[in-house]
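These notes concern the structure reproduced below.
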Amino acid sequence: MNRVAIVTGAARGVGAAVVRQLADQGWRVVALDVCADLPGVPYPLGTRDELRRLADEHPESVREVVADVRDAAALTEAVQVAEAEFGGLDAAVAAAAVMAGGAPLWETTDNELDLLFDIDVRGVSSLARAAVPAMLRRPEPRAGRFVALASAAAHRGLYHLAGYNAAKHAVVGLIRGLATDLRGTGINATAVSPGSTRTDMLTATAAYYALDDVEEFAGHQVVERLLEPEEVAAAVCWLCDERASAITGTVVHADGGFTA
């Protein structure tokens with residue numbers, strides 16, 4: 001039986017790396033991204049061309065879907081694509097997220113907090129509500145996997161990023177609760193908390209701190225370098241594997257030692 005996954009935030013960065021690695025491992029993947037810039041997000045997001053090129057790399061095994069994770073109905077439709085095109089669903093990876101910040105909490109606006117929680121937190125819960133019922137439709141014994149991208153910011157306070165800290169803490173809480181809800185079903189729920197990874201989001205973070213070079217973040221990690229998206233994706237894909245059966249309700253720190 002082919003293993004099937006849905007990945008949000010798939011146009012670039014860690015999400016795109018997850019899609020590529022899963023496809024290379026024989027998975028069928030629905031790759032979903034909003035493919036548009038969003039009000040309140042101060043940096044460009046992934047594009048339709050990037051998502052299309054990703055799908056074109058694996059024309060037999062990757063289907064592209066343009067959708068916003070804030071649209072629960074669109075996520076349900078994307079899961080239906082997985083079932084119709086590939087016969088079911090075995091894993092869901094919630095990689096879609098945005099960064100916003102640059103001011104102390106008492107100067108943070110409601111609009112900024114709403115943006116962070118609507119995408120980074122509710123986007124995860126909406127994917128779970130769409131994907132878990134499909135995974136439960138798989139026959140027993142199951143090996144379903146739900147993996148959410150949290151962040152080192154879920155475990156350490158970051159200067160002028162309190163809203164982002166709170167959102168990523170919430171992702172970890174969702175995963176712990178979801179794993180408990182899934183007890184006995186054969187479906188596991190985990191989070192991956194990356195450190196400073198070479199992505200457009202990290203570039204945006206550097207701008208908040210008026211840094212000329214993202215490499216300045218490298219010194220905060222034991223490995224003394226930035227991580228590559230493929231390294232974080234490797235942790236995600238390992239958690240999606242049937243052999244990761246003992247890992248649920250917890251966080252894998254793919255952070256280069258940031259939280260050591």
Inset, instruction - Would you mind checking which residues have amide H under 5 Å from R63's amide H? H placed 1.01 Å from N; only 5 or more apart, or other chain. - result: V29, V30, A31
Legend entry - Principal-axis tilt of helix 13-24 within the chain, Cα atoms, nearest 10 degrees: 30
Legend entry - Amide H within-cut-off set for S193, under 5 Å, with H built and near neighbours excluded: A150, V252, H253, A254
Inset, instruction - Work out the length of the dipole vector of the range 4-254 about its Cα centre, built from +1 on the beta-carbon of each Lys and Arg and -1 on the beta-carbon of each Asp and Glu, and round it to the nearest 20 debye. - result: 940
Inset, instruction - Take every Cα pair under 8 Å in the range 4-254 that's 6+ residues apart, average their separations, divide by the length, and report that relative contact order as a whole percent. - result: 20
Inset, instruction - Compare A91, A154, A31 in a GNM of the chain, Cα atoms joined below 10 Å, and give the one with the largest fluctuation. - result: A154
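Hey, what D do you get for the range 1-126 in µm²/s if you plug the Kirkwood alpha-carbon radius into Stokes-Einstein at 25 °C and 0.890 mPa s?
On the way: Rh = 14.9 Å.
Once the numbers are plugged in, D ends up at 165 µm²/s.
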Inset, instruction - At 0.36 nm per residue, minus the direct Cα-Cα distance, what do D24 and E215 gain on full extension? Give it in nm, one decimal, please. - result: 65.8 nm
Inset, instruction - Could you pull out every residue, at least 5 positions away or on a different chain, whose amide H is within less than 5 Å of the one on A92? Hs are placed 1.01 Å off N in the peptide plane, and Pro or chain starts have none. - result: I6, R145, F146, V147
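Would you mind calculating the relative contact order of the range 25-134 from Cα pairs under 8 angstrom and at least 6 residues apart, reporting the percent as a whole number?
On the way: 128 pairs, mean separation 32.0, N = 110.
For the range 25-134, the relative contact order is 29 percent.
In square nanometres, what is the average projected area of the Cα convex hull of the chain?
On the way: hull surface 51.0 nm².
Reported value for the Cα convex hull: 12.8 nm².
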Legend entry - Distance-filtered residues of the range 35-59 - backbone nitrogen under 20 Å, label point 7 angstrom along A84 Cα→Cβ: 52, 55-56, 59
Inset, instruction - Rank V4, T203, G157 by how far each Cα sits towards the positive end of the charge dipole of the range 4-254 (+1 on Lys, Arg Cβ; -1 on Asp, Glu Cβ) and give me just the farthest. - result: V4
Inset, instruction - Answer rounded, prolate or oblate for the range 177-260, using the Cα gyration tensor with square roots of eigenvalues a ≥ b ≥ c: rounded when a/c is under 1.5, else prolate when a/b is larger than b/c, else oblate. - result: prolate
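Any read-out appearing in this document is the output of simple, stated calculations on the displayed coordinates, not a laboratory observation. Fair warning: this is a prediction, and the values are worked out from it, not measured in the lab. Every residue, glycine as well, gets a Cβ built from its backbone with ideal geometry; the counts of neighbours run over all protein chains shown.
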